[in-house]
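Asks: Handing you this structure, nothing more for now.
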Amino acid sequence: MSEEKKPAAAPAAKPAKAAAPPDPRVVAATALADEIRASIEARHGAGAVEETGAAKTIPMIRIAPDKWRDVVTFLRDSEDHRYDYVELMAGTDYKDYIELVIYLYSMKRDAYITVKTRTPRDAASLPSLTPVFPGVNWEEREVYDLLGVHFEGHPDLRRIMMWDEWKGYPLRKDYSDFDNIPTRGGEPR
Amino acid sequence: METLHSEEMILNIGPQHPSTHGVFRLVVTIDGEQIVAADPVVGYLHRGTEKLAESLQYTQIIPYTDRLDYVAAMLNNYALVHTVEYAMDLEIPERAEYLRVIVMELNRVASHLLFVGAYLLDLGAMSPFLYVFQEREMIVQLFNEICGARLTYNYMRVGGVKWDAPPGWLAKVRDFLPHMREKLKMYDALISGNEIFLSRVRGMGVITQEEAVAYSLSGINLRSTGLRFDLRKKRPYGIYDKFAFDVVVGQNGDCFDRYWCHFLEMEQSLNIVEQALESIPDGPVLGKVPKLIRIPAGEYYTSIEGARGELGVYIVSDGKDKPYRMKLRRPSFVNLQILSKLLIGQNMANMIAILGAVDIVLGEVDA
Amino acid sequence: MFGILKGLGVTFGQLTKKKVTLQYPEVKPVWPERFRGIHEFIPELCIVCNQCARICPTSCISLSGSRDANKKMRIDTYDINFEICILCDLCVEVCPTEAIRMTDQFELAAYSREEFYKDMHWLYDNHKEHGTYHALQEAKEQAAKEQAAKEQAAKEAGAKEQAGREPVAASEAATGGET
């Protein structure tokens, strides 16, 4: 497991206290994540996985953004994994980068993993997963709408919650309410 | 016979339409009576719950979750407090767990009853809607007695529940169960055999297993295709591993199966309530919880089997008393995506039948 | 065809059933004890600890207080904005002195938005009209009477010790006067 170095403001991926003995569930999850890492790297090269760890008790793998769609497709299709069901897709603004996380479930093996990737905040862009999982279509639109991540190859990338004239991305940490003051006749209402 | 093509027309349904169950807009392109394309437009009820949560303490978020899926608010309450408890590794008093299960399963019954009534109303049958409200009213009154509200319960707390059951409440629930079972038989006689209803829903809006998994469907939409996927069994949270109940599955994945699964699931929920009432222990209802709830830094996701599917809460914490980011996995929002696929090639008259069976609550879709 | 007839049988069976509709404006619903209606506020109990304003998820409570001659905090203003109040009960839950509570009053329709800003006096009137005012008054009177009876009994006892007489008649009179 590679321990990441994040800025102090951003939450650490895993509460690993030096004094307390490591939680056996976390150790097991991390071991599983490393196994999957080896399997991914055998297929997609050494740079495909940037980090492994555990999100509480679930194995976590962070993937290089340019390999995002390939690796997720591999996880879905490969006989060893078969992670074929997306439970959750969420984006988080970490002040320095935007992190996209999906929770994958394998119907066949009854196992869960967390797969993540990162993209810079300005010109945030990632390959879309909609061709792989049609069920993330709206989730990606929501991430685009509220966090401003552009998804390459998405069939229908429009705002979903806000209307098209909305300025800014509400879930970003530097979003200001004053960008969208309602006006009447050119004057703020 | 060769199909006659005419000029395509765009028809706008909603946002204010009685059959869209809230403010939901559907832009359909029709060729004669056939639907060529459908584009659901959501967001009319978007309140930014996830953004609001970032400036609220965990206890303060609970009332906001009531407003998501407002017909099954107990389950929403639980989804949030469950994630917080999972993150903090909290011990919950046993009586609180039992009370939670009782109110959650009763809420599931109330929600499914409303589905049955509203779905039949969509299909043009007026009276089942009025009938189911009688039983729903009884459940809502029970909730009113235990937590003081009929719809926005705000009942769960991190570490337990707000109030113990008032004196005589558990006996009232016990009396309600046989009554409800009786009524379910009555509804069955009223609706399930009706030939008009059957011919409108049988074989309509079929979802295959592969589609259901690819579209991340959950809840009854997934189970109606025959997949035995119920989080209460797959990943038992709380004390659900103590109860014996069946996971209801369909066979064909059509609208009738979805309706029928709702029906059968109510019976299973009543069974769970009955078992919980038999073995509910005495004791405190709120565990030892710090006054200011802080989650250790990290990210946490847990999900429960909501009334409409997998209801999950994802929390990123930076160790403060407020979440750094909270994401709600709303089953209605995810399930609704398949609608544009299901509608293609259907007749216009089947549109409402298919939309109704997907079972959405717009408060949850828009969050 | 059989299914429809079966359904119709159920429908006709309903004809003899009791009506369940409540004739609302004429007949008011009876709410359970825990019902969360519009707040009541009892100024003399408030210690201006600000906890209700802090816990409120929508920040609809604003209050101010000052120290009186005895260095005790007294409430000066207490406003709830019912435009945004969601009646979640959290303020009642944190109040250490039960100065704010919830009544079974639920009718809040008004013609203008300004009317939804309810101040301390309105909330106190609500307390008198729909709240626990009478119950509190009765409890207070009861306590006062008990206190008086006790004092009376103590006095009688004192007198008895002096005069050697039975205090029974006096205490009976005290309890009998309560109703």
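Asks: Which condition number in (1) open to solvent by 30 Å² or more (accessible area, probe 1.4 Å); (2) closer than 26 Å to C:LEU87 by Cα; (3) in contact (Cβ under 8 Å) with a residue 24 or more places away in the chain; (4) in a helix (DSSP H, G or I) is the one that B:LEU142 fails?
Replies: (1)
Asks: Go through the residues of segment A:152-162 one by one and say whether even a single one is in contact with a strand residue (DSSP E or B) (Cβ under 8 Å, 6 or more places away or on another chain) and not hydrophobic (A, V, I, L, M, F, W, C).
Replies: Among the residues of segment A:152-162, at least one is in contact with a strand residue (DSSP E or B) (Cβ under 8 Å, 6 or more places away or on another chain) and not hydrophobic (A, V, I, L, M, F, W, C), which makes the answer yes.
Asks: A further question on this structure: If you scan segment C:1-52, which residues turn out to be open to solvent by less than 40 Å² (accessible area, probe 1.4 Å), within 24 Å of C:ASP104 (Cβ to Cβ) and more than 11 Å from every other protein chain (Cβ to nearest Cβ)?
Replies: Within segment C:1-52, C:ILE38, C:HIS39, C:GLU40, C:PHE41, C:ILE42, C:PRO43, C:CYS46, C:CYS52 qualify.
Asks: Filter segment B:302-355 down to residues that are more than 10 Å from chain A (Cβ to nearest Cβ), assigned to a strand (DSSP E or B) and closer than 23 Å to B:VAL247 by Cα, then give me how many there are.
Replies: 3
Asks: Output the residue which, of all residues in segment A:103-120 that are at pLDDT 90 or above and either over 25 Å from B:PRO331 (Cβ atoms) or more than 10 Å from every other protein chain (Cβ to nearest Cβ) (or both), is most open to solvent (accessible area, probe 1.4 Å).
Replies: It comes out as A:PRO120.
Asks: Can you go through B:ARG47, B:ARG100 and tell me which one is charged (D, E, K, R) and either in contact with a Leu (Cβ under 7 Å, 6 or more places away or on another chain) or open to solvent by less than 20 Å² (accessible area, probe 1.4 Å) (or both)?
Replies: B:ARG100
Asks: Among the numbered criteria (1) within 19 Å of B:SER218 (Cβ to Cβ); (2) in contact (Cβ under 8 Å) with a residue 24 or more places away in the chain, which one does A:ASP93 miss?
Replies: (1)
Asks: Then there is this: Within segment A:68-95, work out how many residues are at pLDDT below 90 and either more than 13 Å from chain B (Cβ to nearest Cβ) or part of a helix (DSSP H, G or I) (or both).
Replies: 4
Asks: Now for a separate question. Is it true that some residue in segment B:129-136 is open to solvent by less than 10 Å² (accessible area, probe 1.4 Å) and within 20 Å of the chain's Cα centre (by Cα)?
Replies: yes
Matching residues to (1) without any contact (Cβ under 8 Å) to a residue 24 or more places away in the chain; (2) under 26 Å from B:ASN335 (Cβ atoms); (3) open to solvent by 30 Å² or more (accessible area, probe 1.4 Å):
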site	(1), (2), (3)
B:GLY148	yes, no, no
B:TYR153	no, yes, no
B:VAL158	no, no, no
B:PRO166	yes, no, no
B:ALA171	yes, no, yes
B:ARG181	no, no, yes
B:PHE197	no, yes, no
B:VAL201	no, yes, no
B:GLN209	no, yes, yes
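Asks: Among the residues of segment B:26-60, write down those that are in contact (Cβ under 8 Å) with a residue 60 or more places away in the chain, more than 21 Å from the chain's Cα centre (by Cα) and more than 14 Å from chain C (Cβ to nearest Cβ).
Replies: Selection gives B:LEU26, B:VAL28, B:ILE30, B:GLU33, B:GLN34, B:ILE35, B:VAL36, B:ALA37, B:ALA38, B:ASP39.
Asks: Right, something else. Please go through (1) within 12 Å of chain B (Cβ to nearest Cβ); (2) open to solvent by 40 Å² or more (accessible area, probe 1.4 Å); (3) at pLDDT below 90 for A:ARG158 and return the number of the only condition it doesn't satisfy.
Replies: (3)
The values are calculated or read from the model by the stated rules, or taken from the named source; none is laboratory data. Computed from a prediction, not measured in an experiment: that's the story for all the values here. Reconstructed Cβ throughout: ideal geometry from the backbone, glycine too, with neighbour counts over all protein chains shown. Each accessible area value is taken on the protein alone, full model and side chains, heavy atoms only, with ligands, DNA and RNA left out. Shrake-Rupley method; radii C 1.70, N 1.55, O 1.52, S 1.80 Å.
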